[in-house]
Amino acid sequence: MSNNVLDKTDVTLLGAGCASLSLASRANELEDYDFTVIDPETHLAQDHIWGFWQMPWLSAAVLISRKKWYNWKIITTDKAVLHTTEAFPYSAINRNDWISDCFEKAIDNNVKFKRELTKECSSQVLDSRPPKIPKDNMLQHFVGYEIQAEKDVFDDTTAILMDFRCDQSLGMHFIYFLPFSKRQALVESTLFSPKKAVPEFYDNAIKTYLDKIMFTKSYKILRKEKGVIPLGIFEKRNPLYDGIGGNGGAIRPSSGYAFSFIQKQIDKIIKSSKKTKKLMVSSPHSKFELCMDRIFIKVLRKYPLIAPDIFIKMAEKLTGDEFAKFLSGEANYKIWLKVIYSMPKTPFIKASHEILKGTDPKW
Ligand SMILES: Cc1cc2nc3c(=O)[nH]c(=O)nc-3n(C[C@H](O)[C@H](O)[C@H](O)COP(=O)(O)OP(=O)(O)OC[C@H]3O[C@@H](n4cnc5c(N)ncnc54)[C@H](O)[C@@H]3O)c2cc1C
């Protein structure tokens, strides 16, 4: 439906989370469209951190990010790899800082907000409500504490992206540690498995890590966060609408990273709008990446105990810049070859064979 007076195309954004508000905040770049966000006030959700590597399409997020690290580590029981970068620091932003910033920009850009989707709502609906996830699908699930230690104990120059020195009995498990200062850090217990663990599992993992690895017993918990991120390719929530964000395939199946890919997806929507009246939404991941991720997830599901070895070997083969590009979906063939070369061959061949046979379609 076209708005007769101004001849603008109406677009409804269903949901008011990351994808929807990120797009609404850029309505000024889409002058031929009128946006309405359907928000049953859910944008006011619990705060948490979004981590991403600083890439050219993330400059707005970088401006209000909380901290960046030019060094990061991957650690197993017997090895540690330190990556350094100048070009692509790992950055952290608070969800509510980003969402508020987007919300204000959307209002300035005359985006309308409504509680419910009504019949007179438009033409094109971009649906950001989460898709339905099949039972027994692979998940990334985590609990994090933001803590304040009593003394200066942390090395705040280096983020720890994965520390596998924790209980591996329920699937691939690592601690994600973002030191915001020498005293303040986010400590997250993260599992990749089809089943969530009991809350005590994550809590114990965090406490044990702080005690035994960080030698920190005295601290205050400032905030808690938790999440479940589905890993795979899913049917859209409603086949009649175009999906965006997690409902539009933006979550990278092999890592659960989504924030950066959502911004990439929105960039593509804006660029393609110059050519068509209807906004074109596509996956920010290539078919090749999705195919490789499928095999990778199958390996993690079947052989979780080799996960620490897989990640440390991959990190050893790549430089910091290559690692950042790989996890941001910017790997060239040289990076891909290094990654493939670093992987243990037998589990990957077995997993590929199973996928080709089609006997187990699960992610
Ligand atoms: C705690 C947590 C930490 C994360 N950390 C990272 C990270 O570090 N890096 C990263 O890249 N990714 C991270 N992610 C993953 C990803 O970035 C987020 O899930 C992201 O919010 C997905 O954006 P989205 O717009 O697709 O979905 P959401 O932001 O979840 O937005 C969906 C919206 O739809 C609304 N909605 C649902 N049902 C209805 C309905 N019936 N009617 C109207 N609205 C509805 C929801 O309330 C919500 O507002 C994290 C996720 C969580 C939960």
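For this structure, a couple of remarks:
- For Phe154, net neighbour charge (Lys/Arg +1, Asp/Glu -1) across residues whose Cβ lies under 9 Å away: -1
- Each of Leu356 and Asp78 was given a label point 7 Å from its Cα along the Cα-to-Cβ line. The distance between the two points is 3.3 nm.
- GNM flexibility winner over the chain from Ile233, Ile340, Ile93 (Cα, springs under 10 Å): Ile340
- The mean sequence distance of close C-alpha pairs (under 8 Å, at least 6 residues apart), as a share of the length of region 287-357, puts its relative contact order at 42 percent.
- Contact order relative to length of the chain, as percent, for alpha carbon pairs under 8 angstrom and 6 or more apart: 19
- Working from label points 7 Å from Cα in the Cα-to-Cβ sense, the Ala87 to Leu44 distance is 4.4 nm.
- MRE, 222 nm, helices only [DSSP H, n ≥ 4, -39500 (n - 2.57), over the chain, to nearest 500]: -9000 deg cm²/dmol
- Of the GluC sites (Glu not before Pro) in region 105-159, the ones in a loop by DSSP (not H, G, I, E or B) with at most 13 other beta carbons within 10 Å are Glu116, Glu120, Glu150.
- Gaussian network model of the chain, Cα within-10 Å springs - most flexible of Gly329, Gly144, Gly249: Gly329
- For the chain, the share of DSSP beta bridges that are antiparallel, to the nearest 5, is 70%.
- Loop-resident trypsin sites (Lys or Arg not before Pro) (DSSP state other than H, G, I, E or B) in region 61-122 with no more than 14 further Cβ atoms inside 10 Å of their Cβ: Arg66, Lys79, Arg115, Lys119.
- Loop trypsin sites (Lys or Arg not before Pro), region 245-351, which have at most 14 other Cβ atoms in a 10 Å radius of their Cβ (DSSP): Lys274, Lys275, Lys277, Lys278
Bear in mind these aren't lab numbers, they're just calculated from the coordinates by the rules spelled out. Since the structure is predicted, the reported quantities are computational estimates derived from the model, not experimental observations. Note that each Cβ is placed from the backbone with ideal geometry, even for glycine, and that neighbours are counted across all protein chains shown.
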